[in-house]
Amino acid sequence: GESVGLHLPTLSVQEGDNSIINCAYSNSASDYFIWYKQESGKGPQFIIDIRSNMDKRQGQRVTVLLNKTVKHLSLQIAATQPGDSAVYFCAENSMNTGFQKLVFGTGTRLLVSP
Amino acid sequence: GAVVSQHPSRVICKSGTSVKIECRSLDFQATTMFWYRQFPKQSLMLMATSNEGSKATYEQGVEKDKFLINHASLTLSTLTVTSAHPEDSSFYICSAREFRAYSNQPQHFGDGTRLSIL
């Protein structure tokens, strides 16, 4: 069935390093992708999104790359800070659901050491 | 912008109690709201999609009589867990999405409600 999954369940980095979190999806009809950050005991926080007509989008310290050929999505965080420690989820939706429902990946925990 | 408020943040109650959780979009109108359930160290599981003024659409396996959803206005949706039992204990999270024609918008999430049934 449809799924959005992550390669790395936990990523440990040093403060100041760049972090890359990866996500694979299986639905070729996926048209819209979002990265969320979830801190302990809180709801997911929107980070950045990208539509399928783009392959790269940049925000403040974050970049999302989309490779539709291999159905792969990544989130790059520049100069990672301790405050970036959280669980990161990729999510997608598609024309199949009328762009209503999000399908979430399993999540990657990012641990940033000072 | 795009703030979603969810109340209460934590509920502890006895088995058999019904619990109502509110989800409000504070600075935008949400034609669609979503209710999720999240178990520890797991991803979010969509329970139902709530459209303003119409009945909610429940995901397979979610009991609509157990989890009552009302979306009476463009800024408020409620989830009522009826006759809650210990197995209903979980982290419930709502999200809201603003409708814009010809443009997909992200869902914005509340901070969740930790429900503990004794």
Quiz item: Any idea which of B:64, B:20 is basic (Lys, Arg), free of Cβ contacts under 8 Å to residues at least 24 places away in the same chain and either part of a strand (DSSP E or B) or more than 10 Å from every other protein chain (Cβ to nearest Cβ) (or both)?
Solution: B:64
Quiz item: Among the residues of region A:52-71, which ones are more than 14 Å from chain B (Cβ to nearest Cβ) and farther than 19 Å from residue A:18 by Cα?
Solution: A:55, A:67, A:68, A:69, A:70, A:71
Quiz item: Quick one: which of B:110, B:1 is at pLDDT 95 or above and not hydroxyl-bearing (Ser, Thr, Tyr)?
Solution: B:110
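How about region B:93-118: which of its residues are of a type in the set (Ser, Thr, Tyr), more than 10 Å from every other protein chain (Cβ to nearest Cβ) and in a strand (DSSP E or B)?
Of the residues in region B:93-118, the ones of a type in the set (Ser, Thr, Tyr) are B:95, B:102-103, B:113, B:116.
After this cut, where a residue has to be more than 10 Å from every other protein chain (Cβ to nearest Cβ) as well, the list is B:102, B:116.
Residue satisfying the conditions is B:116 alone.
Only one of these is crowded, with 19+ Cβ neighbours inside 10 Å, within 20 Å of residue A:47 (Cα to Cα), of a type in the set (Gly, Ala, Ser) and touching a strand residue (DSSP E or B) at 6+ places or on another chain (Cβ under 6 Å): B:25, B:5, B:50. Name it. Steps first, answer last, please.
Numbers: B:5 fails: crowded, with 19+ Cβ neighbours inside 10 Å; B:50 fails: within 20 Å of residue A:47 (Cα to Cα).
Selected residue: B:25, the only one of B:25, B:5, B:50 that is crowded, with 19+ Cβ neighbours inside 10 Å, within 20 Å of residue A:47 (Cα to Cα), of a type in the set (Gly, Ala, Ser) and touching a strand residue (DSSP E or B) at 6+ places or on another chain (Cβ under 6 Å).
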Quiz item: For region A:5-51, which residues satisfy the criterion of being more than 10 Å from chain B (Cβ to nearest Cβ) and outside any strand (DSSP E or B)?
Solution: A:7, A:8, A:15, A:16, A:17, A:18, A:26, A:27, A:28, A:29, A:40
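The values are calculated or read from the model by the stated rules, or taken from the named source; none is laboratory data. None of the values given here were measured: they were computed from a predicted structure. Note: ideal-geometry Cβ built from the backbone for every residue, glycine included; neighbour counts use all protein chains shown.
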